[in-house]
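The values are calculated or read from the model by the stated rules, or taken from the named source; none is laboratory data. Fair warning: this is a prediction, and the values are worked out from it, not measured in the lab. Positions of Cβ are backbone-derived with ideal geometry, glycine not excepted, and every protein chain shown enters the neighbour counts. Each accessible area value is taken on the protein alone, full model and side chains, heavy atoms only, with ligands, DNA and RNA left out. Shrake-Rupley method; radii C 1.70, N 1.55, O 1.52, S 1.80 Å.
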Amino acid sequence: MTTINGKALVNDSKPLDRVYSNGQLVYGRNYILDTANPKTQTSNGGDNQDLYDEAKFFKSLDQWGKSDIKYIISFDWKLKDSLANDMNLLVIFNQSPWQNFTTIIPANKLNGHVEIIVSLWDTMISAKPTSLTFRINSQMVSGNTITYSNLFMKSGTITTDWTPAPEDYI
């Protein structure tokens, strides 16, 4: 029987480092659930607009996060309409002390890919966040949308192709 014990995917008492389903890598491990479904954020024209709790972790960060290793958060983005000016986009852990990472969505571009290398704070891990929040931190015209897809958070700094969390298949 295959189970997830919080640290590894286990089959017949043996930990697995990779699992394929119909030829697709499904375990490598993406820490975020339901990433096969894109998430869309619609602007109201103001600053500090949040897409809250849409990138849920498989377990709270205190159960798997470590401050002595690096992680990569990556995703694709697509705008309905291009921006007149560069836009700050924050990726934020959903608990105080609100550890966050800023990336720039460039003007005059409709889509792109983001990769953010992160180190976790001990205080962030002990706060037990359960998801990430996306924040538009500079104005985007009201009614414009940004869609996030292929969201992936994993241990290490080497970029790999997107895979879903194993819980999304098992």
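Quick rundown of the values:
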read-out: Verdict on Ser149 being out of contact with any Leu (no Cβ under 9 Å at 6 or more places or on another chain), modelled with pLDDT under 95 and either more than 20 Å from Lys59 (Cα to Cα) or of a type outside the set (Val, Ile, Thr) (or both); value: no
read-out: Among (1) touching a strand residue (DSSP E or B) at 6+ places or on another chain (Cβ under 9 Å); (2) open to solvent by less than 70 Å² (accessible area, probe 1.4 Å); (3) modelled with pLDDT under 90; (4) not aromatic (Phe, Trp, Tyr), the one test that Gly45 misses; value: (1)
read-out: Residue that is farthest from Asn150 (Cα to Cα) [pool: residues in the range 48-85 that are among the charged types (D, E, K, R) and either part of a loop (DSSP other than H, G, I, E, B) or open to solvent by less than 20 Å² (accessible area, probe 1.4 Å) (or both)]; value: Asp68
read-out: Some residue of the range 9-19 being at pLDDT below 95, open to solvent by 20 Å² or more (accessible area, probe 1.4 Å), under 17 Å from Ile105 (Cα atoms) and out of contact with any Asp or Glu (no Cβ under 6 Å at 6 or more places or on another chain); value: no
read-out: Matching residues in the range 153-170 - criterion: being in a loop (DSSP other than H, G, I, E, B) and open to solvent by 10 Å² or more (accessible area, probe 1.4 Å); value: Gly156, Thr157, Ile158, Thr159, Thr160, Asp161, Trp162, Tyr169, Ile170
read-out: Yes/no for Lys128 being part of a loop (DSSP other than H, G, I, E, B), among the basic types (Lys, Arg) and farther than 21 Å from Asn111 by Cβ; value: yes
read-out: Counted residues, the range 120-147 - those being among the hydrophobic types (A, V, I, L, M, F, W, C), surrounded by fewer than 17 Cβ atoms within 10 Å (Cβ to Cβ) and within 17 Å of Gly46 (Cα to Cα); value: 1
read-out: Of all residues making up the range 86-118, the number that are loosely packed, with under 15 Cβ neighbours inside 10 Å and assigned to a loop (DSSP other than H, G, I, E, B); value: 9
read-out: All positions within the range 89-118 that are in contact with a helix residue (DSSP H, G or I) (Cβ under 8 Å, 6 or more places away or on another chain) and over 14 Å from Met153 (Cβ atoms); value: Gln95, Pro97
read-out: Filter pass, Asn150 being open to solvent by 20 Å² or more (accessible area, probe 1.4 Å) and out of contact with any helix residue (DSSP H, G or I) (no Cβ under 8 Å at 6 or more places or on another chain); value: yes
